[in-house]
Structure formats: C-alpha cells, structure tokens
Amino acid sequence: DASGDPVAIATGDDGEVLTSTGAGSPPAFEAVAGGGIILQAVSASTTGSTTTTATAYTTTDLTVSITPASSSNKVLVLVSLGAHIAATGTLAYPQFSLRRDTNTELAYKKISIRADGSTNLQSGHVTVFTYIDSPSTTSSMPYRVDMKNDSSYGGTIYVNGGAKSTIVLLEIAG
C-alpha cells in the first residue's frame with residue numbers, strides 16, 4: 001500500500017503478467033502486450049557458388065520467401081554472406097544488394113579492395129545484412145541477395161566459393 005505495508009494480491013491467470021497500476025495502488029495482473037512477438041522463422045543456406053564479372057546485378061542462389069500473417073507485421077532480415085573476390089587489376093568494388101520481391105532494394109553493401117603494387121588481387125569477406133522490413137502484405141514475399149562488380153577494373157566475384165551463406169527471416173507481430 002502507499003504506506004509501504006505489504007498487500008495481498010490475487011493470483012493471475014495463464015498468460016498474464018504482474019503490472020503496476022500507479023503509485024499508491026496495488027499491482028494487478030494484465031494480459032501480455034501483443035507487439036514484438038516472433039510469429040515465424042524461415043531460413044535458407046547455401047554452399048553453392050555463384051560467380052559474376054558483370055557490372056549489372058546477378059541473382060545469387062541465396063533466396064527465401066515468407067508469408068506474413070498480417071500486413072502490419074514486420075520482417076527482420078538477417079544475412080551472412082561469404083564472398084571471395086579475384087581481380088585482375090589493382091582495384092575491385094564488389095557490391096551486394098538485399099532485395100524484396102522482384103526489384104525492391106532494401107540495402108546494399110559495397111566493398112573496396114585495393115592491392116598495392118599487385119595486379120593479381122584475391123580477398124575473402126563475410127558481408128552481413130540486418131534489416132527490418134515492413135512489406136505491408138499477407139502474400140508470399142521473396143527476399144534475396146544479388147551481386148555485381150561495380151567497377152571497370154575487372155575481376156570476378158564468387159559468392160560462397162566453399163563458404164556457407166545464410167538468410168533468415170523472422171516475422172514480428174506489429
């Protein structure tokens with residue numbers, strides 16, 4: 001109570017939590033808030049290799065779809081992408097794009113690789129994406145990673161090349 005003396009309270013029901021009802025009044029049991037709950041998780045992994053020298057985006061085999069239960073829900077996208085870059089010049093600019101549906105770019109990462117005094121450049125990288133999306137639909141929605149060589153210096157980009165890449169989608173109640 002307000003004087004600091006203990007007060008007996010009723011027991012709650014399954015799924016309820018003890019909450020404050022304000023200063024000077026006893027706490028009460030209430031329903032758990034609805035937002036932020038993970039409703040489903042889908043994932044895809046690959047160790048297959050996708051290769052490109054193109055300066056236009058090429059689709060990798062890292063793709064997965066999710067069907068949200070409500071159009072107000074969010075999708076948390078987590079990507080870990082293994083990449084190997086081999087360049088014939090002293091510079092390489094591999095670029096990776098996280099995309100939803102056919103062409104909606106959600107995020108991209110561009111890596112700058114420079115070899116001092118060498119014309120035979122090789123480098124391995126792990127690229128990570130973390131993105132919260134609001135697809136506003138209850139239709140099946142594909143997510144994927146595309147890549148390109150954003151450079152006129154030449155070079156080949158390999159996604160995976162023996163490494164494992166993963167994409168995880170978590171639907172979060174809105």
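Computed from backbone phi, the HN-Hα couplings of region 16-30 come to 9, 10, 7, 10, 7, 10, x, 4, x, 10, x, x, 9, 8, 9 Hz, rounded to whole numbers (Karplus: 6.51 cos²θ - 1.76 cosθ + 1.60, θ = phi - 60°; Gly and Pro given as x). The charge dipole of the chain, taken about the Cα centre with unit charges on the Cβ atoms of Lys, Arg (+1) and Asp, Glu (-1), comes to about 1140 debye, rounded to the nearest 20.
Where Lys and Arg each count +1 and Asp and Glu each count -1, what net charge lies around M141 among other residues with Cβ under 13 Å from its Cβ? Every neighbour counted, the sum reads +1.
Mind sorting out which of (1) 16.2; (2) 8.5; (3) 15.1 is the real mean projected area of the Cα convex hull in nm² computed from the coordinates? Evaluating mean projected area of the Cα convex hull in nm² on these atoms matches (3). Only one residue of S49, G155, L170 has its Cα farthest out toward the positive end of the dipole of the chain, where Lys and Arg carry +1 and Asp and Glu -1 on Cβ, and that residue is G155.
Between V126 and F29, the modelled label-to-label distance comes to 4.5 nm, taking each label 7 Å out from Cα in the direction of the beta carbon. What FRET efficiency comes out for S134 versus A8 if R0 is 35 angstrom and r is the Cβ-Cβ distance? Round to the nearest 0.05. Calculated value: 0.20.
Comparing L98, T60, Y131 along the charge dipole axis of the chain, the residue lying farthest to the positive side is T60, per the Cβ-charge model.
Computed from the coordinates by the stated procedures, all read-outs in this text should not be read as laboratory data. Fair warning: this is a prediction, and the values are worked out from it, not measured in the lab. Note that each Cβ is placed from the backbone with ideal geometry, even for glycine, and that neighbours are counted across all protein chains shown.
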